[in-house]
Amino acid sequence: EPVAAPVVVGRRSRRRRRRYGKACEGVDLNVFTRRSTNLTLEDCMSITRQLGYKPLNMVEIGARDKEGAPLCILLYPLNFNAELKGRYMSKMLPFPTIYWIASTSLHKRISELEDKGWISKLQSRLDDDEDAQMHMVKAHDQCATERLSMLSQEDTEAMKNPNCAWQNCLTKVGIAGMKDFKKVKCLHCHLAHYLCRPEHNNIIGKWVHLALYL
């Protein structure tokens with residue numbers, strides 16, 4: 001049986017709750033059709049509470065804090081959410097950003113860094129560090145490899161169709177859909193990748209993490 005989601009807290013979540021209406025009225029594990037066996041109903045309730053909507057392409061929790069609360073989630077590379085109004089309503093669309101910050105408090109702190117110009121600061125730092133650039137190219141490649149490996153056999157076959165629009169979005173881009181692997185884009189996505197897959201050594205994500213906890 002669907003379980004009522006906890007009350008959504010925070011200004012960002014309240015806006016989403018108003019926008020999506022019924023999307024937060026209940027949580028049913030079965031609607032997360034791409035979930036892994038690791039995803040629990042409790043996890044789904046927690047994520048719904050934090051985001052203010054149900055990310056139906058959620059696969060599992062990617063990273064947790066010391067108390068076990070979800071920080072980031074892993075998302076399936078394709079998304080169709082009939083419960084939401086807007087671009088994901090009419091058809092399945094590519095979703096290259098598979099690592100996602102779910103914690104509203106962490107999201108806010110990263111946004112504060114961006115507001116203080118940290119994207120430009122880290123871009124300058126990356127431009128001056130050829131070794132870090134090499135690590136970032138590899139990190140983007142590893143993200144793209146994992147993204148493709150997540151696709152079901154059916155979706156993999158569908159992508160081979162010449163008329164399929166998913167090809168470039170899922171095969172030729174890196175973290176957060178980036179095409180230039182030596183540029184800094186969204187600090188949220190870099191940190192999410194670093195927290196979910198520390199072995200990929202996302203240098204930008206590591207720098208963001210250090211900046212948050214100095």
Set 138/183; 108/185; 108/179; 121/185; 138/182; 160/185 screened for pairs whose C-alpha atoms are more than 19 Å apart:
108/179; 160/185
Give me the percent of the accessible area of region 159-214 that comes from carbon and sulfur atoms, probe 1.4 Å, all protein chains in place.
54
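How long are the semi-axes of the equivalent ellipsoid of region 46-164, defined as square roots of 5 times the Cα gyration tensor eigenvalues? Whole Å, largest first. Intermediate values should be presented prior to the final figure.
Numbers: eigenvalues 151, 100, 41 Å².
For region 46-164, the ellipsoid semi-axes come out as 27, 22, 14 Å.
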Please work out the C-alpha center-to-center distance from region 92-155 to region 166-214 and express it in whole Å.
2
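What is the Å³ per residue value for the convex hull set by the Cα atoms of region 151-214? Present the calculation step by step, with values, prior to reporting the outcome.
Values: hull volume 6.1 nm³, N = 64.
Given the Cα convex hull of region 151-214, per-residue volume reads 95 Å³.
Accessible area, 1.4 Å probe, largest first: how do 190, 107 sort?
Working: 190 0, 107 45 Å².
Descending accessible area places them as 107, 190.
The values are calculated or read from the model by the stated rules, or taken from the named source; none is laboratory data. Everything quoted here is computed from the prediction, not taken from an experiment. These accessible areas exclude ligands, DNA and RNA; they are computed on the full protein's heavy atoms, side chains included. Shrake-Rupley method; radii C 1.70, N 1.55, O 1.52, S 1.80 Å.
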